[in-house]
Every structure is written in C-alpha cells, then in structure tokens.
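Beneath this line is the structure, given in structure tokens, with notes to follow.
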Amino acid sequence: MAILETKDLTIKFGGHTAVDNVSFTVPEKEFKSIIGPNGAGKTTLFNLLSGQLKPTGGDVYLKGRNVTKLSPAKRARLGIGRSFQITNVFPNLTVLENVRLAVQSKRGIRYIMHRNKSSFREIMDEAHRLIGLVMLTKKTDFLAVNLAHGEKRKLEIAMLLALDTEILLLDEPTAGMSLEEVPAILDVIRKIKEQESKTIVLIEHKMDMIMDLSDSIMVLFNGRLLADDHPKEIMKNEQVQSAYLGGLYDEHTA
C-alpha cells in the first residue's frame, strides 16, 4: 500500500488551475523527486499535501486514510513533515535549543524543569544525535541567526527529523545556497535516505542531485502530471524534454 497518495487533486485560484487532476502514489521509504518549470504547481502541490491549502477537488491519502480535510498540525502528527523554501527556525535560540524544542514537541512536553533528570537527558541525547546527523555538531551552541544559510537549512531538517515524521516533504532545500554550501546539504539528505527509515518527496531544480538520489521522478507542467517514472526513463521522455528540459539533457554527459 502506498504511504502517500492523491486522487484527482485539483486547486483553482479564480480562473487559474494551479494543480489539475493530479493522481500519484508514493510507496513507503521511496525517494521521489518532483520537477517542472517555474509555475508548474510544485509548491502548490506540497501545500495541498501538507494541508496549508485545501483542494478545490480530489483527495489526499496517508496510509490509506483520507486526510484531505485535516489541518497541517494533524497531518504532521500522523506523519507528514514539511520544510519550506524559506528557512523556518527560531533565530535567537541556539542550534541545540531549536532541536531540543522540536524533540520536546514530539514527546508532548511543554516544560522540563519539573521532570526527572533521566527524561531531560533522553531529550538532550536525541537532540545531540540529530545535530550530529545533519553535521552541525561544531555549531551546537551557535545562535541560529548567526548560521550560514546552508547551515540554517540543515538545522531545519534536524528539527523536522526531531518530529519523527514518516514522510519528509523537502521544498527546494538548496534554494539560496552558494555552490560551496550545496554538497553539505546533499550529504545530509543522502544520509537520511541511507537510513531507509523515511519516505522523502523532494522539490528541486538541480538535476544532478535529483538523478543521484531519486528512486522515481514526477514531472509537473502547467499544473498537470506529465510523467512519473524511473529517473532514466524520465530523461528519455520526449514530452519531458520538450516541456522542461528543452532537449538539452544528455545521459552520457550529465
């Protein structure tokens, strides 16, 4: 059974159809990338999946359950975690405090001053583990506001992982990064994939990154699902080349 599925998912803004009868499935623990030109409907689709937007028509299913009418918070508790193109961290807290708060949130703990020491230690140990996973150990005590953009993206992923969601919706995690910062975030995402414990859906424009990581690629064009297939098959698809890649992709030189 697919962990995430849509059926005829549609949203209209006035006379404009931003997502047009999109149906797709994501098997558990698959890494699926979504590509398409600017304005294709990629981020709007993510907003529909995570609950930020309500569809005009169609449905969203999580592990077979219809979650179309559920709020973003309820979907997150059921297993859908979402990152955004703009980083979403607490700038005046340290890296450790940001991640610790996310761990506490997952465990339903609002205050820790009256809890026993072992509980506090478990929270801190988990926070440090996640900070290590995203390779920010040396920045543990840095205020988030003082991190480089790429480091903030890594912190956001650590906070997302702290919520222990089964599905990670990553919206252009390399957006705004310098060329020097991209390899680090790529390594973080690869490490998460190699753990084989998460289903990952990625929006990204960097084709080398997509080809390296993806089990399947979905192509949106003018709000419609143009193709959904294995990466090599996608790159051979003439419709995809015409609509998005402009026929410039060459699997022998990419």
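The values are calculated or read from the model by the stated rules, or taken from the named source; none is laboratory data. Computed from a predicted structure; not experimentally measured. All Cβ positions, even for glycine, are placed from backbone atoms using ideal geometry, and neighbour counts span all protein chains on display. For accessibility, only protein heavy atoms count, side chains too; no ligands or nucleic acids. Shrake-Rupley method; radii C 1.70, N 1.55, O 1.52, S 1.80 Å.
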Requested in this report: Send over the semi-axes of the range 132-172's equivalent ellipsoid, whole angstrom and largest first, taken as the square roots of 5 times the C-alpha gyration tensor eigenvalues.
Outcome: 19, 12, 8
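With all protein chains present, how much of the accessible area of the chain (probe radius 1.4 Å) comes from carbon and sulfur, to the nearest whole percent? If you can, show how the numbers build up before the last one.
Details: 6250 of 12590 Å².
Whole-percent figure for carbon plus sulfur exposure: 50.
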**Report entry** Highest to lowest packing among 214-227, 47-60, scored as the average C-beta count within 10 Å
**Finding:** 214-227, 47-60
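Of the listed peptides 146-159, 31-44, what is their order by residue-averaged count of other C-beta atoms within 10 Å, with the highest listed first? Please list the in-between numbers first.
Values: 146-159: 21.5, 31-44: 20.0.
Packing proxy ranking, top to bottom: 146-159, 31-44.
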**Report entry** Per residue accessible area in Å² of the chain, where ligands, DNA and RNA are left out and the probe is 1.4 Å
**Finding:** 50
Requested in this report: Can you pull the one-decimal nm distance between simple spin-label points at GLU238 and HIS128, each 7 Å off the Cα toward Cβ?
Outcome: 6.0
**Report entry** Computed [θ] at 222 nm, deg cm²/dmol, the chain (DSSP H ≥ 4; -39,500 (n - 2.57); rounded to nearest 500)
**Finding:** -10000 deg cm²/dmol
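Give, as a single signed number, the net charge of other residues whose beta carbon lies under 9 Å from the beta carbon of THR174, with Lys and Arg counted +1 and Asp and Glu -1. Working shown, then result.
On the way: positive: ARG153, LYS206; negative: GLU172, GLU181, GLU204.
Residues near THR174 contribute -1 overall.
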Report summary line: For the chain, one quarter of the surface area of the C-alpha convex hull, expressed in nm², comes to 14.7
Report task. Pop out the ³J(HN,Hα) list for the range 154-170 in order, Karplus 6.51 cos²θ - 1.76 cosθ + 1.60 with θ = phi - 60°, rounded to Hz; leave Gly and Pro as x. Result -> 5, 4, 4, 5, 4, 5, 5, 5, 4, 6, 6, 6, 7, 10, 10, 9, 9
